Amino acid sequence: DAGVHSKAWYAATCDRKTAEDALYRSNKDGSFLIRKSSGQDSRQPYTLVVFYNRRVYNIPIRFIESTRQYALGREKNGEERFDSVAEIVENHQRTSLVLIDSQNNTKDSTKLKHIVRVS
């Protein structure tokens, strides 16, 4: 269990479009939620959805079978790993999360500040 089910920021039955719409409506930098990934892949069970600078970022949360930990985005050397998805959220409420826009090749960063609930 990734420690997500009782959390206010976890939108269990939410798809990508619903999540993005909710974040655009919130229109606050650092708004976020976590949803199940659309692919139903055990190696990438969740997606962190973050609003920043009028954009929505969908960041995959990977499950690393060998260590039973979670990490954000594509695998990279020296990446931060966490024992639960809740730890990822708590960490990035304190320290900035790097947002990479692959289309425009830009980097931003924000903390996770505002929990968005999907109705």
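The values are calculated or read from the model by the stated rules, or taken from the named source; none is laboratory data. Just so it is clear, the structure is predicted and the values come from calculations on it, not from any experiment. Positions of Cβ are generated from backbone atoms using ideal geometry, with glycine treated the same way; all protein chains shown enter the neighbour counts. The accessibility values were calculated without ligands, DNA or RNA, using every heavy atom of the protein model including side chains. Shrake-Rupley method; radii C 1.70, N 1.55, O 1.52, S 1.80 Å.
In region 107-119, which residue that is modelled with pLDDT under 95 and open to solvent by 60 Å² or more (accessible area, probe 1.4 Å) is farthest from the chain's Cα centre (by Cα)?
SER119
For region 54-70, give me the residue count where each residue is surrounded by 15 or more Cβ atoms within 10 Å (Cβ to Cβ), more than 9 Å from the chain's Cα centre (by Cα) and under 21 Å from CYS14 (Cα atoms).
Summing the residues that are surrounded by 15 or more Cβ atoms within 10 Å (Cβ to Cβ), more than 9 Å from the chain's Cα centre (by Cα) and under 21 Å from CYS14 (Cα atoms) in region 54-70 gives 5.
Counting only residues that are exposed (fewer than 15 other Cβ atoms within 10 Å of the Cβ) and small (Gly, Ala, Ser), which one in region 34-53 is farthest from ARG117 (Cα to Cα)?
SER42
Just wondering, is there one or more residues in region 16-33 that are within 15 Å of the chain's Cα centre (by Cα), farther than 21 Å from HIS114 by Cα and either open to solvent by 20 Å² or more (accessible area, probe 1.4 Å) or not charged (D, E, K, R) (or both)?
Checking region 16-33: not a single residue is within 15 Å of the chain's Cα centre (by Cα), farther than 21 Å from HIS114 by Cα and either open to solvent by 20 Å² or more (accessible area, probe 1.4 Å) or not charged (D, E, K, R) (or both).
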